[in-house]
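Here the structure comes first, spelled out in structure tokens, and everything after it is commentary.
Throughout, read-outs are computed from the coordinates displayed, never taken from laboratory work. Note that this is a predicted model, so its numbers are computed, not measured. Counting neighbours? That spans all protein chains shown, and the Cβs are built from the backbone with ideal geometry, glycine included.
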Amino acid sequence: MELAVLSAAELERYARHIVLHDVGGPGQQKLKNARVLVVGAGGLGAPVIQYLAAAGVGTLGIVDDDFVSLSNLQRQVIHATDALGEPKVASAAEAIAAINPHVSVEPHPVRLNGQNAMALISKYDLVVDGTDNFSSRYLISDACFFAQKPLVSAAVGQFDGSVTLLKPYEKAGDGKYMNPSYRCLFPQKPAAGSLPSCSEAGVLGALTGLVGSLQSLEAIKEIVGFGDGLLGRLLLIDARSMHFETIKYKRSAKNPLNGENPKSWADLLEEESS
């Protein structure tokens, strides 16, 4: 793919990136060429969208069917008080325009589901999951596997968070899948209602900013192609003690997407609906 040309204004805007040896002009051009889908414009999605827009990602798709409410503003920093009642995708688009006019926004005011996930995800180069429930995380990770798109996935609790990079569609020389998937990391989906929601348990607002910023960093690294991504590694964050720990995880032989009779996208959707 031919890299996009940076204007004089963009060269000045991204000057601190361009002087970085691992980014430079070519890396900034890759960011401008990139199409990233952010699922969720909430606590995690807000800082992801802000930093990817500031970094110069050329096209940002945003999926969210919710509206801005007062209780969002403690952590969803892309939305302002005067945006109350607006669709979150519209509020986020307005904020992006103020941050960086060189970024194109593709708002999707829908809820990602089995019927639209593949069509939406297939249009982008990389996906960042900013959702807040396991059902959505499984759906997004499965769709990214079949669409062969890298996924930056994260989660936050009251005072803790986690981040990882998923590329389970990559194969080794023998044709076998070599990277773990979300289903390798979490083989069993928690039962509905077994874990308290953010509205029930609460969440520290600044924590979502920290974890979302780490997601945007992973996305930028993956697009530009520098550093070591969190592939096969789960970064754990304890905000109470400000302790960071990384654990490794491997592809599981019990993964339903691998083996002699791997499940199809249709199989997984049927399983979810049953």
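Tell me, what is the percent relative contact order of segment 35-74, built from C-alpha pairs under 8 Å that lie six or more residues apart? Let's see the in-between values first.
Numbers: 35 pairs, mean separation 20.9, N = 40.
Answer for segment 35-74 is 52 percent.
Shape class of segment 74-210 from the alpha-carbon gyration tensor: oblate, with a/c at 1.5 or above and b/c at least as large as a/b.
Going from the fewest other Cβ atoms within 10 Å to the most, the residues L236, L257 appear in the order L236, L257.
Between S104 and H243, what length in nm is gained on full extension when 0.36 nm per residue of separation is reduced by their alpha carbon distance? Mind showing how you got there, number by number?
On the way: separation 139, 0.36 × 139 = 50.04 nm, distance 3.68 nm.
That works out to 46.4 nm of additional length.
Calculated on the Cα set of segment 27-136, radius of gyration then Dmax: 13.1, 38 Å.
Take every DSSP beta bridge whose two residues both sit in segment 20-176; close to 30 percent of them are antiparallel. Beta bridges from DSSP with both residues in the chain: antiparallel share about 50 percent, rounded to the nearest 5. Ranked for footprinting exposure by Cβ neighbours inside 10 Å, fewest first, I237, I99 give I99, I237. Modelled spin-label separation between K123 and K189, with each label point placed 7 Å from Cα along the Cα-to-Cβ direction: 2.5 nm. The peptide list 160-167, 222-229, 247-254, 37-44, put in order of mean Cβ contacts within 10 Å with the highest first, becomes 37-44, 160-167, 222-229, 247-254. How far apart, in nanometres, would the label points at N133 and D66 be if each is projected 7 angstrom from Cα along the Cα-to-Cβ direction? Between N133 and D66, the label points sit 1.1 nm apart.
With a Förster radius of 25 Å, plug the Cβ-Cβ distance of Q74 and A54 into 1/(1 + (r/R0)^6) and report the FRET value to the nearest 0.05. Intermediate results must be reported in sequence, preceding the final value.
Values: r = 22 Å, r/R0 = 0.88.
Efficiency computed from Cβ-Cβ geometry: 0.70.
Spin-label model, E2/S213: points 7 Å from Cα along the beta carbon direction are separated by 3.9 nm. Work out the charge dipole of segment 34-273 with +1 on the Cβ of Lys and Arg and -1 on the Cβ of Asp and Glu about the Cα centre, then indicate which of C184, T131, V103 is farthest towards its positive end. Checking the options against the dipole of segment 34-273, the answer is C184. One equal scatterer on each Cα of the chain, no solvent, Debye formula: the resulting log10 I(q)/I(0) at q = 0.08 Å⁻¹ is -0.32.
Listed peptides 70-76, 45-51, 2-8 appear in the order 45-51, 70-76, 2-8 once ranked by packing, highest mean of other Cβ atoms within 10 Å at the front.
When you restrict to C-alpha pairs under 8 Å that are six or more residues apart and normalise by the size of segment 34-273, the relative contact order lands at 20 percent. Is the C-alpha gyration tensor of segment 141-274 telling us rounded, prolate or oblate? Criteria: a/c under 1.5 is rounded; beyond that, a/b larger than b/c is prolate, otherwise oblate. Oblate, since a/c reaches 1.5 and b/c is not below a/b.
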